[in-house]
1. Within the stretch 559-580, take every residue that is assigned to a strand (DSSP E or B) and charged (D, E, K, R) and give me the one that is nearest to S691 (Cα to Cα).
2. Restricting attention to the stretch 126-180, which residues are small (G, A, S), within 25 Å of G223 (Cα to Cα) and in contact with a helix residue (DSSP H, G or I) (Cβ under 9 Å, 6 or more places away or on another chain)?
3. Within the set of pairs 6+ apart or on separate chains, which have a first residue in the stretch 60-74 that is farther than 21 Å from R49 by Cβ and among the hydroxyl-bearing types (S, T, Y), a second that is open to solvent by 30 Å² or more (accessible area, probe 1.4 Å) and in a helix (DSSP H, G or I), and C-beta atoms under 8 Å apart?
4. Can Y79 be described as in a loop (DSSP other than H, G, I, E, B), open to solvent by 10 Å² or more (accessible area, probe 1.4 Å), of a type in the set (F, W, Y) and over 25 Å from C210 (Cβ atoms)?
5. Only one of R295, R303 is open to solvent by 10 Å² or more (accessible area, probe 1.4 Å) and either at pLDDT below 95 or not aromatic (F, W, Y) (or both). Can you tell me which?
6. Working only within the stretch 1-48, note down all residues that are of a type in the set (F, W, Y) and in contact with a strand residue (DSSP E or B) (Cβ under 7 Å, 6 or more places away or on another chain).
7. Would it be correct to say that E254 is in contact (Cβ under 8 Å) with a residue 60 or more places away in the chain, among the acidic types (D, E), open to solvent by 10 Å² or more (accessible area, probe 1.4 Å) and in a helix (DSSP H, G or I)?
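The values are calculated or read from the model by the stated rules, or taken from the named source; none is laboratory data. On a predicted model such as this, the values are computed, not experimentally measured, just so you know. Because the Cβ atoms are built from the backbone with ideal geometry, glycine has one as well, and the counts that use them run over all protein chains shown. Keep in mind that these areas ignore ligands, DNA and RNA; they rest on the heavy atoms of the full protein, side chains included. Shrake-Rupley method; radii C 1.70, N 1.55, O 1.52, S 1.80 Å.
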Amino acid sequence: MTPMMQQYFEIKNQYKDYVLFYRLGDFYEMFFDDAINVSRDLELTLTGRDCGEAERAPMCGVPFHSAETYIARLIEKGYKVAICEQMEDPAKAKGLVKRDIVRVVTPGTLIEPGMLTEQRNNYVCSICLGDAGIGLCFADVSTAEVYATCLTGDNAEARLQSELGTYLPSEIVTDLPRTEFPALADFITDRIGAMLTDAQGHRFTYADACARASAQFVNLPEGFERDSAMVSAVGALVDYIAEMQRGDAAYIRELTVYSDGQYLDMDLNTRRNLELCETMRSKEKKGSLLWVLDRTHTAPGARLLRSWIEHPLLSTQEIARRQGAVEELCASFMLRGELGEALSHVLDLERLVTRIVYGSANAKDLRAVAATAAMLPKIKRLLSACSDGELSRIFREMDDLADLRELIDSAIAEDPPFVLREGKLIREGYNADVDYLRSVQTDGKSWLEKIAAEEREKTGIRTLKVAYNKVFGYYIEVSKSFIDQVPEHYIRKQTLANGERYITEELKDMEATILGATDKLYSLEYELFQEIRGRVAAEGERIQRVANRLAELDAYLSLADVAAKNHYVRPEVDNSDVIQIRDGRHPVVEQFVKDTYFVPNDTMLDTGANRTMLITGPNMAGKSTYMRQVALIVLMAQIGSFVPAAEARVGVVDKLFTRVGASDDLASGQSTFMLEMNEVAYILRNATRRSLIIYDEVGRGTSTFDGMSIARAIVEYTTGRKIGAKTLFATHYHELTSLEEELPGVVNYNIAAKKRGDGITFLRKIVRGSTDDSYGIEVAKLAGLPNEVIKRAKEVLADVESTAKALQAPNVKKEEKPDDGMISFEDCINEQVIEQLRSVDLNTLSPYEAMSFLFDLKKRLQ
């Protein structure tokens, strides 16, 4: 095997689970199985290379300057990539060029802008499944954010799924092999869609993890080391990131530890049902709550606002602090406009500084830092007049980065190239040596023009020209019609179809001078750039603090813009048990009905006489929209936003649950009803008196009697002393409306509708009282069912209703007939019908089967 292939295998054996990008000249090459897999998945040409063995090694490659695009596609397909670079200049190397891994790219450790989504974080997560609890740590390497917590108690595994659903990491590292947690492993890969790196127990040992965490973070909370599972998760993730970055992850310095009682608890189903950040059907941002609230001007601001929506607060003081900032900005149209204009010129400092610190930033990235710093004085001037405490804090903590801006402006060219080793990086006047070498370049080019003119005059060849290419260097080109006039001292180098190319000794001497100056210039510019980048990187923490303050300001400004535009009000948020909303509106739906009037509705909930709103009404009337509206208004209030209402008072809720709709989960073999019952069971086990619960038509996935029985039992359990939570319960089981008289805390409401002939008009207004009609046939007609079907449905309904009334009619004493010892045919039929009624198990009949059974009995009686 050739020395190069021996070197390749030495490196590849250390990274067997990775695609190895092996640098050869201007290409990254892949060999053997890597080449076969990558050529297939990226549709590249598969070639071969002699490797010293009988068979040629399969090979494919990509240009080094466009490698990022190909790496991003591989990451999307579930690969991990190790990048092997040439560690010395091949032209100066003696023997085999030294190569080593400089970067390992995995889904959770990306820092390249082309591989990341600007408006959302990209988390890598570690999970320690310990005996004392579950340790969790999330980190976004591109922004240096790190969060950790420890989950304990009987519902720790369910809460783990909720946390994963909140952060949606793209990669997860665990201590145990996946065979020891198969259900969780399936959840990670199938529901979260994350890459799972399991069996990493060597990273999770407590002593090593504690030492790594202590050395890494400057703000560890008191008593941090007592949560052994969390410590192990944090230390393991630091170790993993450092290995992937081929360094010590020194830029990541601050850890945020959170616990129960800090954020509103929502499970994955609730987040999906409320469509907080994406819609259920299309998985798009448009149509979600985030789509309504996000009017941010910067990528860090968009990411922070998304984080606020995913983590509503429980502290009324923190909520009020955010509300104050939004209120002052909302009140000043001019201030919002000027701040928005300034922020629109701010670039993604969070991710820029990460690339600068890790040494992957180019000169344009440094110019971006300077461009953002140029806007800071204006932003600080605008904030200086603000009276709100939160906005004043942002003003005080915002550094204008004047020194860094001055350094970059004086050193880096106004419009530098993306490539770092081809010059034009350093501004004229910054370094005398650079200026001298550039003058040699410039004078050399003018000398070339001069020598071309002199040679044309000497030889009389008017078409003679002096040019350059990388193969021959500088040369003289003469067309064929003048070849007989070429002087003898010209040395022929190349024959073309329409001419000849020559060199001279004088030309070669000048070439050495010019090219030598160019090489020196490029090398010097790169060295100076690295020095400047290092000086900026040393101020990474300062830049990061500025980025954080700008993100906060942008998020507040977005909430204020939306509040002003959509006529939101500041809700009163307290620690009471009351949710009182006057003229509330659905924040998303009202954006889609601009041409019509969105009907507002009131809400009154508490843990006393108004614990449960039992809502009846026809399909399509707006029951689901109304209940989601209440949940979203509560959530918006707890992130510090203004809300779509005329007036609102929100007592902080600790947990938010929704049981809304479902479809069969064929992959796991679970039916709609089974999924529904699983979700209800989770709610009943975890809800507290301070929770808000939404049930939408629970029990409809089974037979009528079973469903109604289950629905009633759920209302009783939720409303009663077992839980006593604030609840909205929509149902078509009109029999449940009797609970208002039987169970304290249940209040009947219905969505008003007006029937006109065969049609129906939905008034969209929620009113007190119950309804006894679901208007199903009228809704079916609105949906466009054929008239023949509608007509038949009405006939069937009439028959069923008349049969039901007949069965409910009181027994009328028949006229006694003389007993002649004979049994009449009518008596015989009646006895058979009665016996069938006695023997049938109504709980096992579906609505259709019950209707058919009644038809059969009626037919026999007639």
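1. Across the stretch 559-580, the extreme among qualifying residues is D574.
2. Correct list: S126, G130, A132, G133, G135, A139, A144, A148, G153.
3. Short answer, once both residue conditions are applied: T69/G114.
4. yes
5. From the options R295, R303, the qualifying one is R295.
6. Y8, Y15, Y18, F21, Y22, F27, Y28, F31, F32
7. Values: in contact (Cβ under 8 Å) with a residue 60 or more places away in the chain: yes; among the acidic types (D, E): yes; open to solvent by 10 Å² or more (accessible area, probe 1.4 Å): yes; in a helix (DSSP H, G or I): no.
No.
This table checks each residue for (1) of a type in the set (S, T, Y); (2) in contact (Cβ under 8 Å) with a residue 60 or more places away in the chain.
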residue: G287; (1), (2): no, yes
residue: V292; (1), (2): no, yes
residue: I309; (1), (2): no, yes
residue: E318; (1), (2): no, yes
residue: S332; (1), (2): yes, no
residue: G337; (1), (2): no, no
residue: L343; (1), (2): no, yes
residue: Y358; (1), (2): yes, yes
